[in-house]
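To start, the structure under review is shown below, and the notes come after it.
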Amino acid sequence: MNKQSIIGLVLIFGIFVGYMWWVAPSAEEIAARRTQDSLAYVAQMEEQQRLDSIATAEKIQAAVQDSLAKVAPRQFAAASEEAKQTAQRDKFKQFSASAEGDTLAIVMQNEKMTVELSTLGAQIERVVLADYTTFNGNELELITRSGDNMDLTFSVEGREIHTKDLVFAPYMNGKPLANCDTIKVTDNDSATLCLRAYTEATEEHEAGYLEFAYTMRDNYDLGYTMSFHGLSDIVRANGDMYLFWKNAMNRQEKVDLSSKGSRNPNKDAERYYSSIYYKPINDDVDNLREGTDGDKQINTGLNWIAYKQQFFSAILINDKGFMNAEMEVKTDREDTSATYLCDMSSALGIDYTGENDFACDMHFYLGPNKYRDLRDMDQGFERMLPLGWGFFLIQWVCRFAVIPVFNFLEQFNWNYGIIVIILTILLKLVLFPLTFKSYKSSAVMRILKPEMDALNKKYPNQDQMMQKSQEQQRLYKRAGISPMAGCLPMLLQLPILYAMFRFFPASIELRQKGFLWADDLSTYDSILDFGFNIPLYGDHFSLFCFLMFAMQFFYTWYTMKSQAGQASMPGMKFMMYFMPFMMLFMFNSMSAALNLYYLLSLTITMIQMMLIRKFTSEKKIRARMAAYDADMGKKGKKGPQKKSKFQQRLEELQKQAEEMQKQQQRQQRR
């Protein structure tokens, strides 16, 4: 070690010692810290002594109560009942009259759904849809049973009252409900069940009541009216009033084993398309992020809030609007049951005015996500469906082309697989005039392959790309084609392809509808379940997906073999052949209808290309090229031809590019 190293180490050590001395606490700081530690220790000991005293007192009280119960059981029972009533009055205030009672289950039923209600909390306990089942054939529960699905909270004399703790009395047609038989609604009939929680009558006030009225008709709508009668002096308008709504969402659809924790729609479409949607007053429909946990607070008014799944929704609509809302979607990671999807909850602000007879009219929609039904309710519910609302072309294709044609074909009562096939054929026929030029150019390019190969040999170097491009343009002009002419029509197909990608997974019409080996066109088809998960692929073998992959691979090979110039772009060639394999992994868990559409679309495209190539005469193309050369030769004798401004500008850009390449080459040589 040399002298400089030793000096450096000594300086570093000195700086370190100086720093430790600088940051060391002073004697006053040490004393203050010791005092704080002592005070904290004393406070901790006092708290522990207080808890020990409470525990000892509770033990003594329990022993005394046991002794009294043995010595004077009647007196003890009376004292306990009085203490219980006192505790109830303190907790529920004037609503203590509704703090106890028998809990009854009441069922309302029509041809569409069954709604189970409980007198405890006057809440919806369970909703089962009649015309649908889960993927494994069980009852489809849209709202699942829980102790606190719905809870209205408000303040009485500084005490927060929860309706979930109150027992409501049932009434039908203004009279107490004598029995709890199922209330059935048929045809155009309706029935209203009223659940009332009464207050105690005092010398100052008569008994009032809080009422929840449920009205069922012969559809998926359930009326829900909350009203206060004679409670203006008890429930005042200066307090916050919130309606808490919770639901543990059940899984209704088939799922891939590899979907756990995935946000990809091809892995778990139901979870991906499940979220809370809401409609702010005077604003567009919005939602929490789909497919993942999240929460949001809205401080403006809401028209409605929806707990949406892939094919079904529970929507609560307030005619006057909610004041504000707090919403949350959460997944219980410890719940590993096959039927559990996620938890959704919200706290909705009620605009309570404190009137003596206050009413808040609301209603539920509890049913399927059918586009026409949701649209006809004129509430914006249809915007919950993933139809590409963010891009106007996609939503227009879905709303004004695909859905109307699909609904028209439904009228013939064909198998839905046949409907998908006919829909695909019709779309390809409509698009054919747009794609014809592109297919025609591809056919001519195949004829020009020898000339293109010759140009590749003539200009093999990268710095000769500009000359090769100019020669290719002349060749295209001689043949009477423009490779760029078919690009715009092909781009116009992209919104249609993406529209179909969004349409099929959102179409409840395809749910549990079979075709060939697929038992459900809305989800993946499986002819072989592995029993284990293959990363990125899944736990099954989808035949529609594999056939689509095979057709896409053949289509790629067929188009690539006739395209010259690929030898100079090996990366592009690799990407073209890699794409089918990527689609195989991506679409293995996708909707069978979607894979059927892409399979058929590629097949029709192949047939169209083959027919155009067959009827594209090489003799006519060569004759056209010869005629063009002869015509240009005649024009050449007359002198140079006048060029358009676009041609002049293009040549200038080419010259500038060539000059830049030459400058770069000179700099590299230097």
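The values are calculated or read from the model by the stated rules, or taken from the named source; none is laboratory data. All values derive from a computational prediction rather than experimental measurement. Heads up, the Cβs are rebuilt from the backbone with ideal geometry, glycines too, and the neighbour counts pull from every protein chain shown. Remember, those area values only see protein heavy atoms, side chains included, never the ligands or the DNA or RNA. Shrake-Rupley method; radii C 1.70, N 1.55, O 1.52, S 1.80 Å.
Scan segment 339-358 and tell me whether some residue there is without any contact (Cβ under 8 Å) to a residue 40 or more places away in the chain, charged (D, E, K, R) and loosely packed, with under 15 Cβ neighbours inside 10 Å.
The answer is no; no qualifying residue exists.
Restricting attention to segment 402-417, which residues are touching a residue at least 60 places away in the same chain (Cβ under 8 Å) and either assigned to a helix (DSSP H, G or I) or surrounded by 17 or more Cβ atoms within 10 Å (Cβ to Cβ) (or both)?
Within segment 402-417, the first condition is being touching a residue at least 60 places away in the same chain (Cβ under 8 Å), and the residues that meet it are 402-403, 406, 410, 415-417.
Hits for segment 402-417 are Val402, Ile403, Phe406, Glu410, Tyr416, Gly417.
Test Arg126 against the stated conditions and say whether it is open to solvent by less than 40 Å² (accessible area, probe 1.4 Å) and within 18 Å of Lys246 (Cα to Cα).
yes
Suppose the filter is open to solvent by less than 20 Å² (accessible area, probe 1.4 Å), without any contact (Cβ under 8 Å) to a residue 40 or more places away in the chain and not acidic (Asp, Glu); does Gly291 pass it?
It is true that Gly291 is open to solvent by less than 20 Å² (accessible area, probe 1.4 Å), without any contact (Cβ under 8 Å) to a residue 40 or more places away in the chain and not acidic (Asp, Glu).
Tally the residues that are in a loop (DSSP other than H, G, I, E, B) and either in contact with a Pro (Cβ under 7 Å, 6 or more places away or on another chain) or closer than 22 Å to Cys360 by Cβ (or both), restricting the search to segment 286-319.
Within segment 286-319, the first condition is being in a loop (DSSP other than H, G, I, E, B), and the residues that meet it are 288-293, 299-301, 309-311.
From the residues that got through so far, the ones that are either in contact with a Pro (Cβ under 7 Å, 6 or more places away or on another chain) or closer than 22 Å to Cys360 by Cβ (or both) too are 299-301, 311.
Residues that pass the stated criteria total 4.
Please specify each residue of segment 542-562 satisfying the condition of being touching a strand residue (DSSP E or B) at 6+ places or on another chain (Cβ under 7 Å) and without any contact (Cβ under 8 Å) to a residue 24 or more places away in the chain.
Selection gives nothing.
Has segment 565-581 got at least one residue that is over 13 Å from Tyr524 (Cα atoms), modelled with pLDDT of 85 or more and either of a type in the set (S, T, N, Q) or in contact with a strand residue (DSSP E or B) (Cβ under 8 Å, 6 or more places away or on another chain) (or both)?
No, every residue in segment 565-581 fails to be over 13 Å from Tyr524 (Cα atoms), modelled with pLDDT of 85 or more and either of a type in the set (S, T, N, Q) or in contact with a strand residue (DSSP E or B) (Cβ under 8 Å, 6 or more places away or on another chain) (or both).
Only residues in segment 312-335 that are over 26 Å from Glu253 (Cβ atoms) count as the first member; pair them with residues that are surrounded by fewer than 16 Cβ atoms within 10 Å (Cβ to Cβ) and of a type outside the set (Val, Ile, Thr), Cβ under 7 angstrom, at least 6 apart or cross-chain, and list the lot.
These pairs meet every condition: Asp319/Asp361; Lys320/Asp351; Met323/Asp351; Asn324/Asn299; Glu326/Gln297.
Say we look at segment 141-195 and pick out the residues that are of a type in the set (D, E, K, R) and in a loop (DSSP other than H, G, I, E, B); which of these is least open to solvent (accessible area, probe 1.4 Å)?
Asp148
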